[in-house]
Amino acid sequence: MRIEYTCEDGSQTLAKWPSMALQHWLGRSRPTPQIGNPEPFKLYVVGPPVPSDDHKIFLTLVCAEIERRWNKTPPFEIEPPIPRKKHGGKKYQDRCLEILQWLHAEGDITKLEISSHS
């Protein structure tokens, strides 16, 4: 599967799995903190940590961010990933795809293209 989307802010994402596309959306949902007067050769960690795309709390965080931004949630139950299945399993990936499509219809994804080949 190949998923390409563009958000209102112009950012673009290309992902192979729906959950990975959602992970990138969640990671960009908060602005990165600005480092004032950075020192050369010093490492800085920026951006909020986002759990892996098949973590048991991942879809809960996605739905919480949607509710924070638009005061509504997608009309789907949260599907937990199956740890022993690749990428959380087919039902989990299907639910992630439904949420992406909801974000395209109701949220900030302005362009969404899904193709069955990589």
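Within the shell of other residues whose beta carbon sits under 15 angstrom from the beta carbon of V46, the net charge comes to +2, with Lys and Arg scored +1 and Asp and Glu -1. Could you work out the helix-only [θ] at 222 nm for the chain, with each DSSP H run of four or more residues adding -39,500 (n - 2.57) and the total divided by the number of residues, to the nearest 500 deg cm²/dmol? Only helices count here, giving -11000 deg cm²/dmol. Whole-Hz Karplus values for the stretch 53-63 come out as 5, 10, 6, 5, 9, 4, 5, 4, 5, 4, 5 Hz, taken residue by residue from phi with 6.51 cos²θ - 1.76 cosθ + 1.60 and θ = phi - 60°; glycine and proline positions read x.
Restricting the GluC sites (Glu not before Pro) of the stretch 14-118 to loop positions (DSSP other than H, G, I, E, B) with no more than 13 neighbouring Cβ atoms within 10 Å leaves E77.
Of the trypsin sites (Lys or Arg not before Pro) found in the stretch 17-67, those that fall in a DSSP loop while having at most 14 other beta-carbon atoms within 10 Å are K42, K56. Filter the cross-link list K16/K42; K91/K111; K16/K56 down to pairs whose alpha-carbon distance in this structure exceeds 26 Å. As for pairs spanning more than 26 Å Cα to Cα, those are K16/K42. Residues in the stretch 86-99 carry Karplus couplings, in order, of 5, 6, x, x, 5, 4, 5, 5, 4, 5, 4, 5, 4, 5 Hz; the curve used is 6.51 cos²θ - 1.76 cosθ + 1.60 with θ = phi - 60°, and Gly or Pro positions show x. Please list, or write none, the aspartates and glutamates whose alpha carbon is within less than 16 Å of the alpha carbon of K85, excluding same-chain residues fewer than 8 places away. Within the straight-line cut-off, K85 pairs with D53, D54, D94.
Rounded to the nearest whole Hz, the Karplus-based 3J(HN,Hα) values (6.51 cos²θ - 1.76 cosθ + 1.60, θ = phi - 60°) of the stretch 103-115 follow the sequence 4, 5, 7, 10, x, 9, 7, 8, 9, 9, 10, 10, 10, with x at glycine and proline.
For the stretch 1-104, the list of chymotrypsin sites (Phe, Trp or Tyr not before Pro) that fall in a loop by DSSP and count at most 11 other C-beta atoms within 10 angstrom reads F41, Y44.
All of the numbers you see were taken from the coordinates with simple rules; none came from a lab. Values in this document were obtained by computation on a predicted structure and should not be read as measured data. Please note: Cβ atoms are built from the backbone with ideal geometry, for glycine as well, and neighbour counts cover all protein chains shown.
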